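Report on one structure; see the data block that follows.
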Amino acid sequence: MKSLTIKLRQHTPMLHFQGSQDYATLRASEVKPRLDRYIASHEFGDDFATCKEYLAGYDHARPDALHEKFQEGYRALNYKMRIQASDIDMIDKPHPRTKEQDTNAPMYFGYMGDRDDKSLAKASGIIMTIQIPDRCQDLADIILRHIGTMFANTNFATRKTKGYGSFTVIGPEEATSQIRRPKLYFESTKEKYSDVLTEIEWIHKTLRSGINDCFGKNLYFKSLMFAYAKSKGQQWDKRSIKQNFLDQETLRKESNKHDGADTVSYCTEPPHYDWRDCLGLSASENWMSYKMNLTKTSTAADRLASPILFKPVRYTECWRVYIVYEELPEAFKSGKVRIGARRNNRNMNLELGIYPEFSIQDYIDFVFKADASGEFAVDIADLFSNTTANDGKKNRILEIFEELRNNYNK
């Protein structure tokens, strides 16, 4: 039996279902399957023939016995994992924004509970022990080769795509020396993790749905996904929803309010597509301005987490926020998003498909990649409203995008 000791550092709190318990931290039952899938993909190319001898339950006498399970997604590698935490810091339980106090948990919408209940755990010291049987000794080198990069590209527990549950490997040297980090990142000099997560919230909103602070009077930013859809000659999904769910008088007032600015280059003939939910399916939305609540379900998936993940890492003098992304599942792309609403005592329904040629990589390139002449497909400054009053927030968003674009084009 060979033993590996991996040291981890936690950077942001976990929204942990056992957060009120002392020494609650990462669970091996969550980490090991993710590491196993990562190794099976990046070391073995998800090929059963090269991976099978490292699978738990492999039998030399029946070498292909696990083949069917492997085809169905079985990736359990033959080792055991144990995770222990020390030096736990108990951080205030998440609470919402109030007039007196900002939230300490941006983008968290779960049960807030008693504000005095200390239930958000953060461990400064975490030890992972991995036990590998003798017949799979070279699995140790494989794990050391991949575990650092796996942690550098993912987070854990609730709201992980928004920056919560960020951990990195800090030892041994055989693991840290082989880490491959994303090239898309920005730095923040904020001290509090909650302030860094607030900046993440801003960037997430610019990429997905846009920003509308105080009904646009404080800061209004038109979504980059809107600009992307427009570049494809396609209609923004919010307009499709309005056309189907709002009465003609409300639509007329809406058109007059925007003075045609939102209708330029729109197509009015179907098919129309759902764009925003490609960055995470929102099960419900409250359209307060129209006294309308929306519900959304996919015909192809129970849920869809955002394919764009923010990874905050605390360094000595600053935070570095990495952006990790992956393509949408093909099943989701081939399905429909069913949108339901109730307004004026009337139930309404709409189905929108996903744009057939949609690609996360293409969207990332649209936002961040410069062309041969150094120009970008969209000017970030042009997406802010002329009435924006919050210059501090606007300027910080512009700084972040400038840094992200510089790093992406190195």
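Within the range 137-164, being out of contact with any strand residue (DSSP E or B) (no Cβ under 8 Å at 6 or more places or on another chain) and either in a helix (DSSP H, G or I) or closer than 22 Å to residue 205 by Cβ (or both) holds for 141, 142, 145, 146, 149, 150. For the range 156-176, the set of residues classified as charged (D, E, K, R) and either surrounded by 20 or more Cβ atoms within 10 Å (Cβ to Cβ) or in contact with a Phe, Trp or Tyr (Cβ under 7 Å, 6 or more places away or on another chain) (or both) consists of 159, 160, 162, listed by residue number. Answer yes or no: is there a residue in the range 333-351 that is of a type in the set (S, T, N, Q), open to solvent by 30 Å² or more (accessible area, probe 1.4 Å) and in a strand (DSSP E or B). Checked against the condition, which is being of a type in the set (S, T, N, Q), open to solvent by 30 Å² or more (accessible area, probe 1.4 Å) and in a strand (DSSP E or B), the range 333-351 yields at least one hit. What do you reckon, is residue 151 in contact with a Cys (Cβ under 8 Å, 6 or more places away or on another chain) and at pLDDT 60 or above? Here the answer is no, as residue 151 does not meet what is asked. Residue 196 fulfils the conditions (1) under 25 Å from residue 393 (Cα atoms); (2) open to solvent by less than 50 Å² (accessible area, probe 1.4 Å); (3) touching a helix residue (DSSP H, G or I) at 6+ places or on another chain (Cβ under 9 Å); (4) not hydroxyl-bearing (Ser, Thr, Tyr) except for a single criterion, (3).
Quick grid of which residues meet (1) at pLDDT 95 or above; (2) small (Gly, Ala, Ser):
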{"residue": "112", "(1), (2)": "no, no"}
{"residue": "125", "(1), (2)": "no, yes"}
{"residue": "132", "(1), (2)": "yes, no"}
{"residue": "136", "(1), (2)": "no, no"}
{"residue": "141", "(1), (2)": "yes, no"}
{"residue": "144", "(1), (2)": "yes, no"}
{"residue": "147", "(1), (2)": "yes, no"}
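Screening residue 187 with (1) buried (at least 19 other Cβ atoms within 10 Å of the Cβ); (2) under 19 Å from the mean Cα position of the chain (by Cα) gives one miss only, at (1). For the range 291-328, how many residues meet the condition of being open to solvent by 30 Å² or more (accessible area, probe 1.4 Å) and either assigned to a loop (DSSP other than H, G, I, E, B) or closer than 29 Å to residue 214 by Cβ (or both)? Of the residues in that region, 13 qualify. Among the residues making up the range 362-403, those that are of a type in the set (S, T, N, Q), closer than 24 Å to residue 213 by Cβ and out of contact with any helix residue (DSSP H, G or I) (no Cβ under 7 Å at 6 or more places or on another chain) are 385, 386, 387, 390, 395.
The values are calculated or read from the model by the stated rules, or taken from the named source; none is laboratory data. Just so we're clear, the structure is a prediction, and the values are computed from it rather than from any experiment. Cβ sites come from the backbone with ideal geometry, for glycine too, and all protein chains shown count toward neighbours. What goes into the accessible areas is simple: the full protein's heavy atoms, side chains included, and nothing from ligands, DNA or RNA. Shrake-Rupley method; radii C 1.70, N 1.55, O 1.52, S 1.80 Å.
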